[in-house]
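The values are calculated or read from the model by the stated rules, or taken from the named source; none is laboratory data. Bear in mind the structure is a predicted one, so any value in this text is a computation, not a measurement. Counting neighbours? That spans all protein chains shown, and the Cβs are built from the backbone with ideal geometry, glycine included.
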Amino acid sequence: MKYALIGCGRVSVNHINAAVDNGLDIVGLCDIVPGKARLKAIETGLSDNIPCYTDYMKMIEDQKPELVAIATVSGAHAKIAVDCINAGCNVIIEKPMAMSIEDADKIIEAENRNGVKVCANHQNRFNDAVQHMRDALLGGRFGKLFYGAVSVRWMRDESYYKNDDWRGTWKNDGGTLMNQCIHAIDLLRWMMGDELTEVIGVTDNLNHPYIEGEDIGLAVLRFKNGSYGLLDGTVNTFGGDYEETLALFGQDGFAKLGGTCVNKIDEWRFSDGNDIETAHKTGIGENPPNVYGFGHRSLYTDMIEAIKTDRAPYIDSAAGKRALEAVLAIYKSSAEKRPVSLPLKNVATTDFIGLFDKK
């Protein structure tokens, strides 16, 4: 299967490695910065003959890839995705899939109209520990769910934001909830039944005056099934990336995933007594070298199978929109200082330009 990558920045190595591991025929790399795609090809050990471009539409026209991954500046995801879809490509979109509800809907409409597959790149769903929790949930081991809680406690300093001028901007990135926390938000919504009805959120910028977005976000989420979600996320953790956790509290069970990116099981307790996992729970999980984890490889495997068998990807475009919607709902609640009901319509990150300017 012919594959091309658009965007050769921080996370592109994970995409290239996943493509190689899955035996894809890499026919092109693209980045708007001249020479950047070629440097990434060298860094990842690809052939010197890999075509490199600065114009993604020229690459698609020349190479006609069946599968394209988009790992550019977040604010460019939606336009590039729609262009690729309209050209007949199946698409993997890095998080967030878009910066507005309107643009997410444009992606889904183009996908349906062109009969291609779109996958939202929430790779942590494929973590061993996450899959273990999901199996327990679907198996009914938690019983009635009361609430779920996620925490993302990482550190991003001034050098991180100054390295690329789009980071932390409302137009092209958002703040910590949209960039660093959206994977955890995706997991929380997914595990709690997806049907989110109301959000109460608070955001602030406490320690990063050189960015437009928030560096801390707190929220309570209400789900249609009567359960609740709790979120705290920040990039103000002193000393580096401390943890990304996910806990589920049910009538018949409690489990907590931890590590730097929900990559291991910390607690595993159920009333059914079938807890042989508890004795060796430290063996369930992974030790990734960074917060991106190992999920890209499995995500690519699933996407390839979805294309070949004409089924929906495990993480489809609707899932990408749901994660985006949850973040935008928190932003809207914080800005308007009130609970916000879902579903959302016509909300974008750019609605919040200037939110912290008076601090």
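Being surrounded by fewer than 14 Cβ atoms within 10 Å (Cβ to Cβ) and in the same structural domain as G217 (by TED's automatic domain parsing) is true for just one of E158, E109. Which residue is that?
E158
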The one condition K359 fails out of (1) at pLDDT below 95; (2) surrounded by 12 or more Cβ atoms within 10 Å (Cβ to Cβ); (3) outside the structural domain of L137 (by TED's automatic domain parsing); (4) not acidic (D, E) is (2)
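So that you can scan it fast, the table gives a plain yes or no per residue for (1) in contact with a Gly (Cβ under 7 Å, 6 or more places away or on another chain); (2) farther than 19 Å from D302 by Cβ; (3) of a type in the set (D, E, K, R):
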position: G7; (1), (2), (3): no, yes, no
position: N14; (1), (2), (3): no, no, no
position: D21; (1), (2), (3): no, no, yes
position: I26; (1), (2), (3): no, no, no
position: C30; (1), (2), (3): no, yes, no
position: A37; (1), (2), (3): no, yes, no
A careful count of residues in segment 331-359 that are within 22 Å of K224 (Cα to Cα), more than 22 Å from the chain's Cα centre (by Cα) and not charged (D, E, K, R) gives 3
Practice task
Kindly check whether there is at least one residue in segment 239-260 that is touching a residue at least 12 places away in the same chain (Cβ under 8 Å), within 16 Å of A129 (Cα to Cα), in a loop (DSSP other than H, G, I, E, B) and not β-branched (V, I, T).
Solution key: yes
Checked segment 244-269 for anything at pLDDT below 95 and surrounded by fewer than 19 Cβ atoms within 10 Å (Cβ to Cβ); matches are D266, E267, R269
In segment 87-108, anything assigned to a loop (DSSP other than H, G, I, E, B) and either free of Cβ contacts under 8 Å to residues at least 60 places away in the same chain or touching a strand residue (DSSP E or B) at 6+ places or on another chain (Cβ under 7 Å) (or both) is listed as A87, G88, C89, K95, M97, M99
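Within the group A37, A41, A76, which residue is surrounded by 23 or more Cβ atoms within 10 Å (Cβ to Cβ), aliphatic (A, V, I, L, M) and at pLDDT 95 or above?
On the way: A41 fails: surrounded by 23 or more Cβ atoms within 10 Å (Cβ to Cβ); A76 fails: surrounded by 23 or more Cβ atoms within 10 Å (Cβ to Cβ).
Exactly one residue qualifies, and that residue is A37.
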With the first residue restricted to segment 159-173 and required to be under 20 Å from K79 (Cα atoms), and the second required to be basic (K, R) and surrounded by 14 or more Cβ atoms within 10 Å (Cβ to Cβ), Cβ contacts under 6 Å at 6 or more apart or on different chains are D173/R167
Of the residues in segment 6-38, those that are within 22 Å of the chain's Cα centre (by Cα), without any contact (Cβ under 8 Å) to a residue 40 or more places away in the chain and part of a strand (DSSP E or B) number 2
Filtering segment 8-28 down to residues that are touching a helix residue (DSSP H, G or I) at 6+ places or on another chain (Cβ under 8 Å) and closer than 14 Å to V68 by Cβ yields C8, S12, H15, I16, A18, A19, L24, I26, V27, G28
Over segment 182-233, the set of residues assigned to a loop (DSSP other than H, G, I, E, B), more than 19 Å from the chain's Cα centre (by Cα), free of Cβ contacts under 8 Å to residues at least 60 places away in the same chain and over 26 Å from F356 (Cα atoms) is K224, G226
